[in-house]
Amino acid sequence: MAQQPLSSAQQPTDIYGGDEVSALVLDPGYCHTRAGYAGEEMPKQVIPSFYGHTADGRDIFGDEVIIPRASFEVRNYMNRDSVVEDWDVATKIWEHLLVKRLQPERPTPASKNGLNNVNDNDGDVAMEDVLKDENGGIDASLLEKPLAESPLLMTEAPWNTAKAREKAIEISMENWGCPAFWLSRTPVLAAFAAGKATALVVDIGGANASVTAIHDGMVLKRSIQRSPIAGLWLSNQIRAMWETCEPKVEIVPTFMVENKKPVEAGAPADVRLRNFGFPIADSFRAFEEERLLTEFKESVVEVWRGPGRYQGPNEDFARSQPGRVFEMPDGSNQMWREQRYKVAEGMWDETAAYPITGGGDEGRVSKGQTIPALIKASLEGVDVDLRPNLLSNIVVTGSTSLLNGFNDRLNMELTAMYPGLKIKIHAAGLTSERRFGSWIGGSILASLGTFHQMWISKKEYDENGPGIVEKRCK
Amino acid sequence: MSTQTGKWREDQILVICPGSQTTMAQLGCAELTPPAFRIPTRMFKDDEEEDSWRPVHTYKRRKANAVGKAASNGGGAKGDDDEWEYVEDPDSDEGAVYPIQAGRIANMECFLAFLEHVHAKLTTTYHNTPIVLMASPQWTRPDCEDIARYIFEKTKTPSLCLLHSGVATQYGLRWPNMTVVDIGYEKVDVTCIYDSRVVSHKDVGAYPSAEEREISGGEVFTRKLLSLLEGKGFNREMAEQLKKSAVCEVLPYVPDSPKLMELPAENVGPAGVPAAAAPVEPPKIIETAPLTDDDGLNGDKDVVDEDGVLNIANIITSGNTREFLAKKEKEKAEKAKPGRKAKEKAEVDAAAARARLPNSKRTWNMFHYEDFVTEDVPVAPPAAPAPVPTKDVEMGDGAAPADTAAATADGAATAPTGEAKSSEPRADQIPAAAEGDAAPKPETAAPPESTTAQAAPTESAPPASEGQQQQLTEKQTKRVRRDIEVGLERFLFADRAEIDRIATAIYQAVQGIQDMYMRPPCWENIVFVGNGARIRGLKDNIMQTLQARHLVSPSSATMFTSELPSNMGTPSGTGSQTPTGSFTGAPHQLPTTSSVNPLLQAATTASLGVPGGPLGVQQQAGSNAGDMAPSHHFHSQTPTNIKLAAMPNYLSEWSKNGFEEAMFLGAQIAARLAFCIHNLDQSTADAQRLMSLSRVDYNELGPKGIRSHSMLA
């Protein structure tokens, strides 16, 4: 490609920081992994952190390829703590996003094959091995440093392990040749996205709910509180509710439905199911069920706004109120009245939660896990003097916080817990800002002109090794 | 900088819509016509020079006077220099590099060379020519920057407007909220647009995984068709033509039928083949009928034709197919001449009624495969159609002007718009001829001098690229139509897996819109564009699939409540922008200064909030407890209504052309908005300035200026 210099009127602007560099922002979470260019307001690419694993050992990424297939499993490279579990796959999926989807294709002589193809020959071969050993000559030279021009900002959960942090910088420096790297914690970025350097971040995401106090852009370590009371927990509550209600609600995810006919409320479904001719893995089905549950959460589930807790007279009141009708993918439909409040009540009141059958301890909510308890514990971990400031700067983020009525309830609970203190909740109005809060914060941070002093440069990394990330990204 | 805007004439603007197979381009957007040029999106690596590209296949070949083997293709370097010559072959795709694959720019170097070729081809002299370039959603930001840099450095263009293909479609069709389903050659893009902003996007097939390219789009159907018919002597080209022909169609979705479609049953057949048991009989290649050009043009697919078409249909439907065909084959073998027996006439009347059955009700139908064969050697019909030298006056240029004339009569068979590859080369020749640049060359190997009547019979050997047998030919070549009987394969090619993938992508794209209140308008305005959507019945089938599978019906449960039924979407459309009111003016004219064009307003306000602008410009977030996004309390389940968006009907040329290429129309409209609207107030002018990157801005900002000064989202 003819790379001619710009006209002389053009000032050289190749300094890291600002829009001048095409920094990338990567925000891996348990449910989705988001990636995009710094300075943009939305991540350009959002794909599930779940990925498909085929019978012949390939890993495939993205919503559009996770479709019913024979001998096909759906896996996740993160664990329920939102910490990377499978680094081999993590490398591949990130590379799929950052290189394949966000970088121009590199001209290869055999134009049919994207440059990434070499990595997928064997699902079990780690990325670095592929580069160094198997494909030594040709591919390495072609592949060399796919991100050599893009600084990378990654996000991590506040409780991320030191080992995982080092691994992250190692991959980006060694495999991709990033010229600069930074690792930042999600609550800090969510606070930035809300325009605050000091905030109490309440992040109710997919796998985890966390409450973290941020002071001047720094995480206050002792304030970090988390619990599994988040999206997946809520899904299980819904499952438990469907399990126990009369008549029992069958979960038929959308992908199984060929077509359906309208039926009366409460009547059995009149549906034609798809016949695949091969068994569908449970993991795939669970992945698809989650879509249905998400829809149910969006349109039916509601948080009891108060006053008071839900259980007791309020439940009777809700029963008398008009409910919402939900039609399942198979066409069966029914009205949900009081249950739609009850299912989310466990977030606030551990006694209201549905017992999860067979879930063991995992599904059970303890008192300390509810959201008010998390906030309380978090504030108790910080200096008394800071608390009023934090309470007047509460940032709510995470997609499960989009539940209808969530903010009202949170406000009510906090007012009851801290009478006399000024409570101010900041929750982005746009759905996407709440879903991608930490990505957006990363996008802002990475595009700030002043941020370029902070990056860990390749040179620093070469001198100090991966340990540098622990020293610098505090 | 304000001086930069609004000073171009409509006929000066270069509009380019690149696709992975065909690029639509035109200089000027004054008339809002279908594209003047359809250029195959491909370049050929120059053998001689490194890093240089040629627009057409060029090969070295022994000069005609050095008779003998003209078949040396790649340029074997022996012999004297003057014995060899370079020949450009516009129809060959040998060694072609297609820079765009499934929407992605797979080879930037080649793509830039291609852009330069298009630019040079359309703008003959120095012009003050702003460029509107449509970008696929898959183009990455560095891609766009590279393109911007290249264009500003290589051309004299004063301004470049990059336009997202979904947004372009939306401009063409002018609904503020819509779901654009772009069925391309190897990929399908689903883009949801709300209030002129892209709010959700899904694509299928765009990011092929490692080993297998899981493509999606029109090519899938061709391959499926080919796989069904491969054993019966079909090759790719035949499958492609069959797919585009009128006999090939996707049958309506029938929810209850086991195969989800209703295949026509063999109602009279003594052969007694139950229709559901499907295609037992192979398609028969009935005859090779040399046609005059007129025949080819007038040949109507559905009407009785003297040329044996009806007879065959008649015979088939009357049931004696096998016997008759066997007999006929024998006759043919004896006479080596297409047989047309008078006795068959008797059957004509009886069959006439049957022949009038629509295609979808017939188990067999005739497909006219157009081939090019030399004149008087109707040797035994070659099993594989041989692309043979031809006199192009009849085929190329003849077909093109006839397009408009014959478009209606000829049905879609000749695909006036040149659906994908095969018809493009021909379309492409028009400009080529117009420029006097090498009148179209014969297909593969005919010496170029033979284009005009040069009767000296030489042995022109088709350079056996696919192993066709050589034919002794005379120079007079004609277009030949072969009638091929095709059975149920022409319905069965509708790959359910592919349709399901597209339907699922649409479903997930719309349901994936973050803000629920945006979903109903997107469900109610679905449009299908991309030439893959031209396959008969495909759109309808997808829509029927979506409706049968996903539609949420009004529930009886709501009768017992006071609540509004959940299927009542909040009316969130912006009434002022619905076309009914605002399009009453004269067609082809955008309202200018006096009334503010609502589209421009939508566009300009949208571009204020596009990414790349300062973060958080958008609406002020509701930051207090409880107040959610202002006023949008919408929690109903969707979809309760799935509809196609109405197509505008005030552009007759486009109605004829089909709105599958609406993105090109939209690109022209965007071009006007970005470059031709004058006298705007300050804020609108500012917004207009952000629609395109001018040279002044480029000098100031560099290539990255395209991030903010474009219509990429």
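A few comments on the model shown:
- Being among the basic types (Lys, Arg), assigned to a helix (DSSP H, G or I) and farther than 19 Å from A:Arg185 by Cα is a description that does not apply to A:Lys422.
- Pairs, first touching a residue at least 12 places away in the same chain (Cβ under 8 Å) and under 14 Å from A:Met347 (Cα atoms) in segment A:385-406, second basic (Lys, Arg) and buried (at least 20 other Cβ atoms within 10 Å of the Cβ), C-beta under 7 Å, six or more apart: A:Ser401/A:Arg434; A:Leu402/A:Arg434; A:Leu403/A:Lys297
- If the condition is being facing another protein chain (nearest Cβ under 8 Å) and not in a loop (DSSP other than H, G, I, E, B), then segment A:326-340 contributes A:Phe326, A:Glu327, A:Asn333, A:Gln334, A:Met335.
- Residue check for A:Gly429: surrounded by 17 or more Cβ atoms within 10 Å (Cβ to Cβ), without any contact (Cβ under 8 Å) to a residue 12 or more places away in the chain and not in a strand (DSSP E or B): yes
- When A:Phe276 is tested against (1) touching a Pro at 6+ places or on another chain (Cβ under 9 Å); (2) surrounded by 18 or more Cβ atoms within 10 Å (Cβ to Cβ); (3) within 12 Å of chain B (Cβ to nearest Cβ), exactly one condition is not met: (2).
- Some residue of segment A:298-316 being in a loop (DSSP other than H, G, I, E, B), surrounded by fewer than 16 Cβ atoms within 10 Å (Cβ to Cβ), in contact (Cβ under 8 Å) with a residue 60 or more places away in the chain and among the hydrophobic types (A, V, I, L, M, F, W, C): no
- Selection within segment A:56-79: residues that are assigned to a strand (DSSP E or B) and either over 16 Å from the mean Cα position of the chain (by Cα) or among the charged types (D, E, K, R) (or both). The member of this set that is nearest to the other protein chains (Cβ to nearest Cβ) is A:Ile60.
- In segment B:95-116 there is at least one residue matching the filter, namely being at pLDDT 90 or above, out of contact with any Leu (no Cβ under 8 Å at 6 or more places or on another chain) and closer than 20 Å to B:Gly28 by Cα.
- Residues of segment A:279-315 classified as touching a Lys or Arg at 6+ places or on another chain (Cβ under 8 Å) and facing chain B (nearest Cβ under 9 Å), total: 4
- Matching option when the condition is surrounded by fewer than 21 Cβ atoms within 10 Å (Cβ to Cβ), away from every other protein chain (no Cβ under 14 Å), at negative phi and aliphatic (A, V, I, L, M), among B:Leu651, B:Leu665: B:Leu651
- The one condition in (1) surrounded by 23 or more Cβ atoms within 10 Å (Cβ to Cβ); (2) within 19 Å of B:Val552 (Cβ to Cβ); (3) away from chain A (no Cβ under 13 Å) that B:Ala509 fails to fulfil: (3)
- In segment A:341-353, the residues that are surrounded by 22 or more Cβ atoms within 10 Å (Cβ to Cβ) and either part of a loop (DSSP other than H, G, I, E, B) or within 14 Å of chain B (Cβ to nearest Cβ) (or both): A:Tyr341, A:Ala344, A:Gly346, A:Met347, A:Trp348, A:Ala353
- Scanning segment B:120-167 for residues that are part of a helix (DSSP H, G or I), under 16 Å from B:Ile13 (Cβ atoms) and of a type in the set (A, V, I, L, M) yields B:Leu122, B:Ile151.
- Where A:Ser210 falls short, out of the listed (1) assigned to a loop (DSSP other than H, G, I, E, B); (2) of a type in the set (Ser, Thr, Tyr); (3) more than 19 Å from A:Leu26 (Cα to Cα): (1)
The values are calculated or read from the model by the stated rules, or taken from the named source; none is laboratory data. Here the structure is a predicted model, which means the values were calculated and not measured. Because the Cβ atoms are built from the backbone with ideal geometry, glycine has one as well, and the counts that use them run over all protein chains shown.
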